1. When only residues in segment 77-93 that are assigned to a loop (DSSP other than H, G, I, E, B) and closer than 21 Å to Ile282 by Cα count, which is most open to solvent (accessible area, probe 1.4 Å)?
2. Taking the conditions exactly as written (in contact with a Gly (Cβ under 9 Å, 6 or more places away or on another chain) and either at pLDDT 95 or above or closer than 20 Å to Arg340 by Cβ (or both)), does Asp159 satisfy them or not?
3. Among the residues of segment 244-259, count how many are in a loop (DSSP other than H, G, I, E, B) and near the ligand (Cβ under 10 Å from one of its atoms).
4. Looking at segment 94-124 only, could you name the residues that are open to solvent by 30 Å² or more (accessible area, probe 1.4 Å), in a helix (DSSP H, G or I) and under 21 Å from Phe244 (Cβ atoms)?
5. Quick check on my filter: what residues within segment 158-187 are open to solvent by less than 10 Å² (accessible area, probe 1.4 Å) and among the polar types (S, T, N, Q)?
6. When residues of segment 228-243 are filtered for being crowded, with 24+ Cβ neighbours inside 10 Å and either of a type in the set (Val, Ile, Thr) or within 13 Å of the ligand (Cβ to nearest atom) (or both), how many remain?
7. Mind checking which pairs have a first residue in segment 77-91 that is hydroxyl-bearing (Ser, Thr, Tyr) and a second that is not in a loop (DSSP other than H, G, I, E, B), Cβ under 7 Å, 6 or more apart or different chains?
8. So which helices (runs of 4 or more DSSP H) stay within segment 260-332 end to end and still have 3 or more residues that are open to solvent by less than 70 Å² (accessible area, probe 1.4 Å)?
Amino acid sequence: MSTTVDDLGARLIAEEGAHLAHNYHPLPVVVSRAEGVWVTDVEGKRYLDLLSAYSALNFGHGHPAILAAAREQLDRLTLTSRAYHNDRLGPFATALAQLCGKDLVLPMNTGAEAVETGIKVARAWGYRTKGIAPDAATIIVANGNFHGRTTTIVGFSDDPTAHDDFGPYAPGFVHVPYGDADAIAAAIDENTAAVLLEPIQGEAGVVLPPEGFLQRVREICTANDVLFIADEIQSGLGRVGETFACDREGVVPDVYLLGKALGGGILPLSAVVANEDVLGVIRAGEHGSTFGGNPLAAAVGLRVVEMLASGEFQARAKALGAHLEASLQSLIGHGVTTVRIAGLWAGVDIDPAYGTGREIAEKLLARGVLVKDTHGQTIRIAPPLTIRATELDWAVEQVRHVLSA
Ligand SMILES: *Cc1c(COP(=O)(O)O)cnc(C)c1O
């Protein structure tokens, strides 16, 4: 394939360049349709989607069962606000609480809102239950974190692109190196309300903590009366071969933050899930969202949770992840320096002698494979969990080809 974009695609890209804020640097492909793991551009060319909208499309594009739930709901009721009850929210909350093994669900829309909600819950719990002095609560976060784009959240990011020039930043966050349980133990004092962590750091490049880390965090939090908040927005809901990345170590956090795939690839849906003794601290009127818990999102989320309840997608991710790991490992020394992988979620570090992550992503685009680079030399591979082994093999062959060219 040539590297030029067809006329229609070029025109649409130019139009975006003229009238869309420049807060992204997309690959030069204009998608107009998709089904399953394949997307089609405006010219009719097909590409295998190995990004899945950062794991928001764990079930692929247009999964028939999710579409059916959405269509059925679209014709009945889409929005009530929480000023009234709606008949979809209770069943969704019940199913999600059960999937998480927790009592209560607080629905929001985007991931960043779930994180913000988790921060509010942790602080309120700190003052009302733990007895921290007014306005003194702190939350321990990790270096290299990604929790979203609000002003509070970017304030505790250490990525200069996400952080710089958006201050003044909210106080109350303490940084420790990711994966260092001793540093967490040392950072805890009487004002610590919570430890907020990604059980696997996604945007950082699929960074896995050392084995046993999550268990130690759990023990340290329990021993010190500190909440363990797991940001499973990208790592959760089947991606790593378990329902949650915390399951890999048999760990149950106090608070789950969920998003992305919860909305079935159709709409934004996020949630904070915890037991009554934690989430119950939030009283009527203290928190909310106009669209949070809307019946359309609840109907979609309920279907997603039902699909996860069978364990089928988790099992697929585990089996296919092992398959993918073996084929990616064979690229080490042939343009790849490191592979980090959990389930169907891989960070592949490209040897700089072979090009930047972006250059490799552009070459893969030309061969019909969509991936996203991160932090210069890493490409992230996170296909829909519905992908077939033969499709994965084909994709890895394209990577091999690009690296050997
Ligand atoms: C994507 C992401 C978020 C933010 O979600 P948005 O829906 O983009 O606001 C938060 N935490 C993690 C770990 C994420 O991957």
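The values are calculated or read from the model by the stated rules, or taken from the named source; none is laboratory data. Source: prediction; values computed, not measured. Cβ placement follows ideal geometry from the backbone for every residue including glycine, while neighbour counts extend to all protein chains displayed. In case anyone asks, the SASA skips ligands and DNA or RNA and just uses the protein heavy atoms, side chains included. Shrake-Rupley method; radii C 1.70, N 1.55, O 1.52, S 1.80 Å.
1. Across segment 77-93, the extreme among qualifying residues is His85.
2. When the stated conditions are applied, Asp159 passes them.
3. Of the residues in that region, 1 qualify.
4. Thr94, Gln98, Leu99, Glu113, Glu116 - these are the residues of segment 94-124 that are open to solvent by 30 Å² or more (accessible area, probe 1.4 Å), in a helix (DSSP H, G or I) and under 21 Å from Phe244 (Cβ atoms).
5. none
6. Qualifying residue count, segment 228-243: 11.
7. As it stands, the answer is Thr78/Pro295; Thr78/Leu296; Thr80/Pro295, since those pairs meet every condition given.
8. Fully inside segment 260-332 and qualifying: 295-309, 312-329.
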